[in-house]
């Protein structure tokens, strides 16, 4: 069975969501090449492209890790609720960000009335996404699939748990700051493709690391399948993310 078929076999809804996000990403890249408009020094299509790329990895990783749940957990109400909440939240967030980009206006930290209301809803949606990841991680660690080798199961559970917890912490740090930067910052001064800025405190670096723990920790165990590696990688990645958050706050 090839990798694409395996992805759909493991969790078809998440697999399809990944393909839809990839289509949005390709559309945004084409529009960025054709549309000369800029916002904060970069193409208006950069933000929806970055979110779409993130959702591709998010959903395909969730699909791949899904068998770490026990068969009973996979069929249970909690896991099914997490699936549909994540899908609905992703459609809402990606749709809003893309729609605002089409108008050349910000989707985050905007001051018009509608945007302020929707931004609050986006905050709730982001919380549901990371909480869902943390919940799946806890389910895997507590009573995951007994047929899966312990190192792989621990890596899946810890990866999702670290993503959920630190994704929430770093996301709230950005929201509480009211900006992605501590101090004066601009995408125009950043490094593509992420446009991070290192001359000002950029909280997005820590958020990026947090969100991608779900790939980094399983990858470490795939390279060296030992239980201690799963726990060590989780501790190391959490430490790296915390250091990036601390550094951004002190630049």
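Read-outs throughout are calculated quantities, based only on the coordinates presented, and are distinct from any laboratory measurement. Please read all numbers here as calculations on a predicted model, not as lab measurements. Here Cβ is always computed from backbone atoms with ideal geometry, including for glycine, and neighbour counts include all displayed protein chains.
Between the helical axis of 46-65 and the dominant principal axis of the chain, each derived from Cα atoms, what acute angle in degrees is found, rounded to the nearest 10?
Approximately 0 degrees, to the nearest 10.
So what's the gap between the Cα centers of the stretch 147-172 and the stretch 1-49, to the nearest angstrom?
24 Å
Mean residue ellipticity at 222 nm from the helices of the chain, using -39,500 (n - 2.57) per DSSP H segment of n ≥ 4 over the full residue count, to the nearest 500 deg cm²/dmol? Before the final figure, lay out each step's value.
Values: 10 runs with 185 residues, N = 251.
Taking each H run of at least 4 residues, the total per residue is -25000 deg cm²/dmol.
Once the Cα atoms of helix 227-250 and of the chain are each reduced to a long axis, what angle between those two axes, in degrees from 0 to 90 to the nearest 10, is obtained?
20 degrees
(1) 0.97; (2) 0.93; (3) 1.05: which one is Rg/Rh (Cα atoms, Kirkwood Rh) as calculated from this entry?
Evaluating Rg/Rh (Cα atoms, Kirkwood Rh) on these atoms matches (1).
Taking the 0 to 90 degree range and rounding to the nearest ten, how far is the long axis of helix 113-143 tilted relative to the main principal axis of the chain, both from C-alpha atoms?
So the inclination is approximately 20 degrees.
Based on the Cβ-Cβ distance of residue 143 and residue 81, what FRET efficiency does E = 1/(1 + (r/R0)^6) give at R0 = 30 Å, to the nearest 0.05? The partial results should precede the final answer.
On the way: r = 17 Å, r/R0 = 0.58.
With R0 = 30 Å, the Cβ-Cβ based efficiency is 0.95.
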